[in-house]
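Asker: Sharing a structure here in structure tokens format.
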Amino acid sequence: MASDSIRLYGDPILRTRGEDINAFGPSLVATGDAMIKAMHEANGIGLAAPQFGLALQLFVVDVDDPAHPINLDGKNVPAKVVMPLVLANPQLTILEGPSKICSEGCLSFPGITGEVERIEKVRVSYLDTQGKPHTLEAEGLLARCLQHEYDHCQGVLFIDRMTRAHQILVTAKVKKLQRQTVANLKTSKKKTPKA
């Protein structure tokens, strides 16, 4: 179930590439905290700023995958020690290794899932809410989540990466969601008072 603050497919912001973050500190901390709250309320493991109505290079993740410890700034650490994370201005590098096809969902596509092939290991360079640089290497579910959220910041959606068979399977549901979202956006614009 998506939170009321999460934008659904059909909202143009989901196809907008986010702008780089230039201001760090309390305001960004508050934004990150609000995104984490919305993500948790929707039972998600990741949320990107465009899904939250902000065209920014920013996303949050909260993944505890004990089978795959993470490497943060050159040190192996259990995910539960550092999660949730707020990643600003992320730069994603796909590392060499096998890929895997798994079922993915998305908070902007409630009730819609599909098979997506992704590489199993990634590196993300990013800034925290104070502007301090970090490097995160991850495998498994966290690597998949990082790729999914990074894509959102570039205006790329998981339906774009689904296997062709699953794209065909979900076409009707995706079109229905898009129609409903566009209709709701038009209705809300009509109700907005003009100054």
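The values are calculated or read from the model by the stated rules, or taken from the named source; none is laboratory data. As the structure is a computational prediction, the values presented were derived from the model and not from experiment. No Cβ is skipped: glycine too gets one built from the backbone with ideal geometry, and neighbour counts run over all protein chains shown.
Asker: Which members of the range 130-150 meet the condition of being touching a residue at least 12 places away in the same chain (Cβ under 8 Å) and surrounded by fewer than 21 Cβ atoms within 10 Å (Cβ to Cβ)? Explain how you work it out, then say what you get.
Answerer: Residues of the range 130-150 touching a residue at least 12 places away in the same chain (Cβ under 8 Å): 130-131, 134-150.
Scanning the range 130-150 gives Gln130, Gly131, His134, Thr135, Glu137, Glu139, Gly140, Leu141.
Asker: Here's another thing I want to ask about it. Go over the candidates Lys80, Lys37, Lys75 one by one and state the one that is among the basic types (Lys, Arg) and either in contact (Cβ under 8 Å) with a residue 40 or more places away in the chain or surrounded by 14 or more Cβ atoms within 10 Å (Cβ to Cβ) (or both).
Answerer: On the way: Lys80 fails: either in contact (Cβ under 8 Å) with a residue 40 or more places away in the chain or surrounded by 14 or more Cβ atoms within 10 Å (Cβ to Cβ) (or both); Lys75 fails: either in contact (Cβ under 8 Å) with a residue 40 or more places away in the chain or surrounded by 14 or more Cβ atoms within 10 Å (Cβ to Cβ) (or both).
Step by step, each of Lys80, Lys37, Lys75 is checked, and only Lys37 is among the basic types (Lys, Arg) and either in contact (Cβ under 8 Å) with a residue 40 or more places away in the chain or surrounded by 14 or more Cβ atoms within 10 Å (Cβ to Cβ) (or both).
Asker: Assess whether Leu28 counts as being surrounded by 14 or more Cβ atoms within 10 Å (Cβ to Cβ), closer than 22 Å to Ala143 by Cα and touching a residue at least 60 places away in the same chain (Cβ under 8 Å).
Answerer: Against the criterion (surrounded by 14 or more Cβ atoms within 10 Å (Cβ to Cβ), closer than 22 Å to Ala143 by Cα and touching a residue at least 60 places away in the same chain (Cβ under 8 Å)), Leu28 does not qualify.
Asker: Among helices (runs of 4 or more DSSP H) lying entirely in the range 94-195, which contain 1 or more residues that are modelled with pLDDT under 95 and not basic (Lys, Arg)?
Answerer: Numbers: elements: 140-153, 158-161, 164-191.
Answer list for the range 94-195: 140-153, 164-191.
Asker: Just a yes or no: is a residue in the range 9-30 within 13 Å of the chain's Cα centre (by Cα), aliphatic (A, V, I, L, M), assigned to a loop (DSSP other than H, G, I, E, B) and over 20 Å from Pro133 (Cβ atoms)?
Answerer: No, the range 9-30 contains no residue that is within 13 Å of the chain's Cα centre (by Cα), aliphatic (A, V, I, L, M), assigned to a loop (DSSP other than H, G, I, E, B) and over 20 Å from Pro133 (Cβ atoms).
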